[in-house]
Amino acid sequence: MAKGFINKILPFSSVDGPGNRTAIFLQGCNFDCLYCHNPETINNEWNLKYNNGSVPTYMSVEDIIEKIHRTRAFISGITVSGGECSLQAKFLIELFKEAHKLNLTCFIDTNGSIPLNKNEELVSLIDMSMIDLKAFNTDEHKMLTGVDNSVVLENINYMAKLNKLYEIRTVIVPDILNNEYNVRMTSSLIASLNQDIKYKLIKYRPMGVRLEKIKTSIPNDKYMENLKTIAKNNGCNNVLII
């Protein structure tokens, strides 16, 4: 069986999709977001050590399914995140095949940078996707992540047409991003695809970030509520602030 490069596994999570789910975080990412709150997941080198001395681990699909069996009675599905999970597509395919045998739903949490329409086998096994649209303007997206957003937008449209887009997320970062523009344009896109797709507005928070890369503040509640109003006025039915 294929092996995945694993950062960590949370047996129970209520924030990584609907219901109680096992969240599997893969190691390695092709973005380098200024505000990344899990920078330890970016590097894909085997000898990477975290601040606490631990290292990421290669695990087989069989190993992970064995762990899932222990808590199967208490979960409705699995969500694979990262890092960037779509970089390990072969592993995802094998893992999702086995998870479906247990009648578990399979979600991906992705930055949307790998063209999903070029991997029909993987997409056929994905029940739903959660995609980060970190900035709507491609130049701003490249400034923030190091990569433009053309493939991200293609994936959003593609997965929505398949009715496999559960959620889009935008991190609100004062002084760094054009947040009002991002919310206005993203919410308009969501409304044009499916008004019921969840739109999650996430407050920037400094926990875990590399403070040498970014200097900003936490957006206040009034600002977040104003952004939520913009999104709802644009036709989004399901807008959450976290």
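The values are calculated or read from the model by the stated rules, or taken from the named source; none is laboratory data. What you see is a predicted model; the values in this text were computed from it and never measured. Cβ: placed from backbone, ideal geometry, glycine included. Neighbour counts: every protein chain shown.
Structure summary
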| item | result |
| --- | --- |
| Single residue of the range 96-126 satisfying the filter (part of a loop (DSSP other than H, G, I, E, B) and within 18 Å of residue 82 (Cβ to Cβ)) that is nearest to the chain's Cα centre (by Cα) | 111 |
| Among residues of the range 172-203, those that are of a type in the set (A, V, I, L, M, F, W, C), surrounded by 20 or more Cβ atoms within 10 Å (Cβ to Cβ) and assigned to a strand (DSSP E or B), counted | 2 |
| Residue 4 vs. criteria touching a residue at least 40 places away in the same chain (Cβ under 8 Å) and not in a loop (DSSP other than H, G, I, E, B) | yes |
| Residue 71 being under 28 Å from residue 43 (Cβ atoms), in contact with a strand residue (DSSP E or B) (Cβ under 6 Å, 6 or more places away or on another chain), touching a residue at least 40 places away in the same chain (Cβ under 8 Å) and surrounded by fewer than 23 Cβ atoms within 10 Å (Cβ to Cβ) | no |
| Subset of the range 80-94 (residues that are more than 18 Å from the chain's Cα centre (by Cα) and either without any contact (Cβ under 8 Å) to a residue 24 or more places away in the chain or buried (at least 16 other Cβ atoms within 10 Å of the Cβ) (or both)) | 94 |
| Residue within the range 230-241 that is of a type in the set (A, V, I, L, M, F, W, C) and either without any contact (Cβ under 8 Å) to a residue 40 or more places away in the chain or touching a Cys at 6+ places or on another chain (Cβ under 8 Å) (or both) present | no |
| Residues located in the range 58-82, provided they are under 12 Å from residue 24 (Cα atoms) and either part of a strand (DSSP E or B) or at pLDDT below 95 (or both) | 59, 77, 78, 79, 80, 81, 82 |
| Residue that is farthest from residue 89 (Cα to Cα) [pool: residues in the range 110-164 that are of a type in the set (Lys, Arg) and surrounded by fewer than 17 Cβ atoms within 10 Å (Cβ to Cβ)] | 142 |
| All positions within the range 204-228 that are more than 16 Å from residue 37 (Cβ to Cβ) and either assigned to a loop (DSSP other than H, G, I, E, B) or among the aromatic types (Phe, Trp, Tyr) (or both) | 220, 223 |
| Among (1) of a type in the set (D, E, K, R); (2) modelled with pLDDT under 95; (3) closer than 14 Å to residue 26 by Cβ, the one test that residue 49 misses | (3) |
| Residues within the range 204-220 that are touching a strand residue (DSSP E or B) at 6+ places or on another chain (Cβ under 8 Å) and surrounded by fewer than 18 Cβ atoms within 10 Å (Cβ to Cβ), tallied | 1 |
| Residue 183 being in contact with a strand residue (DSSP E or B) (Cβ under 7 Å, 6 or more places away or on another chain) and touching a residue at least 60 places away in the same chain (Cβ under 8 Å) | no |
| Where a residue in the range 103-124 is at negative phi and its partner, wherever it lies, is in a strand (DSSP E or B) and among the charged types (D, E, K, R), with Cβ under 8 Å and at least six apart | 107/21; 110/132; 111/132 |
